[in-house]
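Structure record follows, encoded as structure tokens.
What follows is calculated from the coordinates using simple rules that are stated; it is not laboratory data. Since the model is a prediction, treat every value here as computed from it, not as a measurement. Note that each Cβ is placed from the backbone with ideal geometry, even for glycine, and that neighbours are counted across all protein chains shown.
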Amino acid sequence: MTSQVSSPAEQTDAALVAEQRASGNGGEGKEVRRLDRVIIRFAGDSGDGMQLTGDRFTSETASFGNDLSTLPNFPAEIRAPAGTLPGVSSFQLHFADHDILTPGDAPNVLVAMNPAALKANLADVPRGAEIIVNTDEFTKRPMAKVGYATSPLEDGSLAAYNVHPVPLTTLTIEALKDFGLSRKEAERSKNMFALGLLSWMYHRPTEGTEKFLRAKFAKKPDIAEANVTAFRAGWNFGETTEDFAVSYEVAPATKAFPTGTYRNISGNLALSYGLIAASKQADLPLYLGSYPITPASDILHELSKHKNFGVRTFQAEDEIAGIGAALGAAFGGALAVTTTSGPGVALKSETIGLAVSLELPLLVVDIQRGGPSTGLPTKTEQADLLQAMFGRNGEAPVPIVAPKTPADCFDAALDAARIALTYRTPVFLLSDGYLANGSEPWRIPDIDELPDLRVQFASGPNHQLADGTEVFWPYKRDEQTLARPWAVPGTPGLEHRIGGIEKQDGTGNISYDPANHDFMVRTRQAKIDGIEVPDIEVDDPADEDGQGAGTLVLGWGSTYGPITAAVRRVRGAGERIAQVHLRHLNPLPRNLGEVLARYDKVIVPEMNLGQLATLLRAKYLVDARSHTQVSGMPFKAEQLAEVFKEAIND
Amino acid sequence: MTETISESSSQIEALSLVPKADAKQSMKDFKSDQEVRWCPGCGDYAVLAAVQGFMPELGLAKENIVFVSGIGCSSRFPYYMNTYGMHSIHGRAPAIATGLASSRRDLSVWVVTGDGDALSIGGNHLIHALRRNVNLKILLFNNRIYGLTKGQYSPTSEVGKITKSTPMGSLDAPFNPVSLALGAEASFVARTVDSDRKHLTSVLREAAAHPGTALVEIYQNCNIFNDGAFEVLKDKEKAEEAVIRLEHGQPIRFGAPAPDGLGSKGVVRDPATGDLKVIDVEEEGTGGVLVHDAHSPSPTTAFALSRLADPDTLHHTPIGVLRSVDRPVYDTLMSDQLDEAIEQKGKGDLATLLTGNDTWTVVG
């Protein structure tokens, strides 16, 4: 997502559907129609390979040069009972010839691999949209499983849609009859048949997928060829059958992107790369202590693949040991990280408090998911903000950094590392399920552009006693940053003991002195409050009279995409609205209070029950209006646009 | 199972990456400037003195030695050692030490913990550290009571213990730390007693030389809340009958001396059950007496030995090294994987990583 670039005011997704259906066919052969953007949703059973299908379509689209944004949506169960509503897995992809910000509110093409997928997704599909259904699955039992008494393909209930009935299973089996596969084996390639069909419909390049399939099934060449054959058969079916009269072109989004080399990247991958880059830029070995938890595990998986970067990954016995080991490695001079989600943060809280007291650098990566408790493991939410902010005993301030888009997870990881290393403190990196699994194009940075994160370990005495003796004081602070020296074991003469008991200022020795405790609590707070974070810049384009907006929308984290898309729509409709988006939630940017005071109305959309709004009200006495959604799904741009318009005209 | 190796080669592997001290060290080099604040008469003083006295023998650069502790009386230990140290949070020392030891193989990392710290709140970390065989030396001070919280029963207290939290007696059966460690795949397990400086030092020596996790249970007297808990093992007369001193390669004999100079009691295998039992060698002869094999690949006999002790009376308590076997060390394996990855893929190049395989270029 290339937010820097100006973009046409976005139209609603429903309007897109009309565009796709607009007639204008003339001449021989199949018509090719140009579109500026498309939203496709692949939906099927958990075992149908919808995530893979979506990933492949995304890769094809990325290599074609469209801007894109994705929303994988899947159940927590690995294989929920086949054909049931809870077992439906889907993948939505929005791609365009200009820069876009969200995976789209509503698909204009739904691929439904079975009755459950149709039923679970139909409510999101605007009338007039195209629906491609696998008719082979619309038999009595699968339909009965989801409560269809009559076939929706025949009873007229889909009359408002442009339905393409395709016997995907039969066609796939037919295409693979020479492979000598069992029916069951052949059937499994039906997702590739569907991918081939959609690739034809939208003129996607196919080489990448064929290469991918041959690599994925390198050890089973016949399965690889079967999948390639199914994929090609899907393409050819589109080209041949009369049911698909039109195909669509969405031109590359060349103008939307600054010059550079691009790739597609998901939030968890970008975050992993950010951590490796931070380790490289700090010239410190990366140490990850982690315990598997959805949706954070992919970072553990990814980092464990890069041992040749000197990355140590430790899969601990529990969440507490994950962060404990990371803290131990930090004491030893590593760039230490622990990755988790909300329930894991709860378990790590005591160790985060210890890290606050020890004043050692430590990254705590929280890929937020729906809560409380186990909640919704595979769905997104932003409800750990106050846990990150306050979820410890005592006064234990921790800086918080939040990425705003999948690709931004890379920069956010570097920024969190900067703060941790400079100020010798644990830092929260608050991503979420939507960023973690969603993907978008990313301009690959030049290594030379990356910040220098090198640190200086303590190497000798830093204090002179009254009698002239040179000593090392582990809690003697840097006057500028208030950071204490990082003296790692192995450094002669700096042997020292640190712990969770209150320490005497300077010496770090145990101290129960009341005045000292008061001083230390305030000093630790002052250190975090004094962290350098950039001022926020308000996006508030003045109108012809030089007049700015009266209403400000303020967000944080992954709501950036939908909020910005909604702001564009509101502006497109002729209204004025200002926007700011926070990356640093603790400390907040110094100019934030002044910015908030400039506006009559401040709207704060969040995927929680108003946690940031609570903080803003407390800190700035501002009447922040909270707009909240906790459905486990990201905001839809159109709904937000309505909320903003209402607020403006309120 | 791996084969056992001699102690001398273990020593080389366990400590070979830790730099040596430039000059000869003395006990006072290891004393910090902090006032020791245990209760007068506490068994912890003896252990501290033994550790400080033994450290110079290792001859390691003291800046490469780290003591990590949890919470409890014994966990104040690191403050008194003039090395690097961390007094962490309750039960988590093995986890923290694992991160340190697995990222810094040039350090000699020691964990100091107690029966509550290691076996209650931190039980999970203890067993997993043992299973992994990280290069850690764990000193478990067992006083069979909670001292710092002023006298509640602990997971090693005998059943029926009357304490502030159990006025009618505790209900739960205790852990035998040695049995627990053996069950957790420990490669080195030993037991010693705070008051026996010589034995304590000899056990520490073997633990230090062991590559991997070494667990040393130290029976330690809390003279305030559980005074005399180990008296039976310390009183000269009673100890003769109560303590089974294990020495590798020696027959397991104890008790008042028999005519051959060794103890009049011996440990034999009961042919009927396969279990171990204590016999009077003067009545039954010495033929069946087991010779202690700390290096036996199977932990079965060590476990059976650990079960001889009566949890209430402590009669037939084995002390010494119950098990010491060579097993792959976690931090070595972790480090080897890094080397192997570099060998296979070359040293990581950030630009190549970020670029990946599927890119497209936008020209202005």
Q: May I ask which residue of B:VAL134, B:LEU215, B:ALA239 lies farthest towards the positive end of the charge dipole of the range B:7-243, with charges of +1 (Lys, Arg) and -1 (Asp, Glu) on Cβ and the Cα centre as origin?
A: B:VAL134
Q) Between B:SER296 and B:ASN223, 0.36 nm times their residue separation minus their Cα-Cα distance comes to what? A) 22.5 nm
Q) How much FRET efficiency would the formula 1/(1 + (r/R0)^6) give for B:MET27 and B:ASP312, where r is the Cβ-Cβ distance and R0 is 45 Å, rounded to 0.05? A) 0.75
Q | Neighbouring partner chain Cβ atoms per residue of A:484-496, average, 10 Å criterion | A | 5
**Q.** Over 18 Å [Cα-Cα, the range A:61-108], rounded percent
**A.** 43 percent
Q | Given charges at Cβ of Lys, Arg, Asp, Glu: the protein assembly as shown dipole, positive-most of A:GLY508, A:ASN121, A:TRP200 | A | A:GLY508
Q) Can you list the residues of the range A:181-225 with backbone N under 18 Å from a point 7 Å past the Cα of A:VAL32, pointing along Cα to Cβ? A) A:197-207
Q.
To the nearest 20 Debye, how big is the dipole of the range A:180-261 about its Cα centre, given +1 on the beta carbon of each Lys and Arg and -1 on that of each Asp and Glu?
A. 480 debye
Q. Say the cut-off is 18 Å between C-alpha atoms; which of B:LYS28/B:LYS62; A:LYS184/A:LYS211; A:LYS503/B:LYS62 go over it?
A. A:LYS184/A:LYS211; A:LYS503/B:LYS62
Q: Enter the mean projected area of the convex hull around the alpha-carbon atoms of the range A:13-256, in nm², rounded to one decimal.
A: 13.3 nm²
(Q) Given contacts defined as C-alpha pairs under 8 Å and at least six residues apart, what's the relative contact order of chain A, whole-number percent? (A) 12 percent
**Q.** Simple label model, 7 Å out from Cα along Cβ direction - A:PHE519 to A:GLU225, nm
**A.** 8.0 nm
Q | Convex hull (Cα only) mean projected area of the range A:551-649, reported in nm² to one decimal | A | 5.8 nm²
Q | Cα→Cβ-extended label distance, 7 Å offset, between A:ASN236 and B:GLU231, nm | A | 9.4 nm
(Q) In Å and on Cα atoms, what radius of gyration and Dmax does the range A:390-453 show? (A) 13.8, 43
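Charges only on Cβ, +1 for Lys and Arg, -1 for Asp and Glu: so what's the dipole of the protein assembly as shown about the Cα centre, in debye to the nearest 20?
Around 600 debye, computed over the protein assembly as shown.
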Q.
Starting from 0.36 nm per residue, how many nanometres of slack lie between A:ASP178 and A:GLU210 once their C-alpha separation is accounted for?
A. 9.6 nm
Q) Using Cα pairs under 8 angstrom and six or more residues apart, how large is the relative contact order of the range B:117-247, in percent? A) 27 percent
Q: Quick one: angle between helix A:221-240 and the longest Cα principal axis of chain A, in degrees between 0 and 90, rounded to 10, please.
A: 60 degrees
Q) Once the Cβ-Cβ distance between A:ALA526 and A:ARG127 is put in as r, and R0 is 60 Å, what FRET efficiency do you end up with, to the nearest 0.05? A) 0.55
Q.
Please compute the length gained on full extension between A:GLN456 and A:GLN547, using 0.36 nm multiplied by the number of residues separating them and subtracting their Cα-Cα distance.
A. 27.9 nm
Q) Rounded, prolate or oblate: which one fits the range A:142-258, using the alpha carbon gyration tensor with axes a ≥ b ≥ c (rounded when a/c is under 1.5, else prolate when a/b beats b/c, else oblate)? A) oblate
Q | Whole-number percent relative contact order across the range A:262-449, with pairs defined as alpha carbons under 8 Å at least 6 apart | A | 29 percent
**Q.** Approximate shape of chain A as ellipsoid semi-axes (Cα gyration tensor, √5λ), whole Å, largest first
**A.** 49, 29, 21
Q. In whole Å, how far is the Cα centre of the range B:142-183 from that of the range B:26-53?
A. 26 Å
Q) Using a simple spin-label model with points 7 Å from Cα along the Cα→Cβ vector, what separation in nm is obtained for B:SER120 and B:THR166? A) 1.0 nm
Q. Which value at 222 nm does chain A reach when only helices count, each DSSP H run of 4 or more adding -39,500 (n - 2.57), with the total divided by all residues and rounded to the nearest 500 deg cm²/dmol?
A. -11000 deg cm²/dmol
**Q.** Separation of alpha-carbon centers, the range A:106-150 and the range A:290-353, rounded to whole Å
**A.** 41 Å
Q.
If R₀ is 56 angstrom, what is the calculated FRET efficiency for the pair A:GLU502 and A:TYR248, using the beta carbon separation as r and rounding to 0.05?
A. 0.25
Q.
What number results when the radius of gyration of the range B:7-243, computed over Cα atoms, is divided by 2.2 N^0.38 Å?
A. 0.97
Q | Placed amide H near B:LEU136: partners under 5 Å, 5+ positions off or other chain | A | B:GLY212, B:THR213, B:ALA214
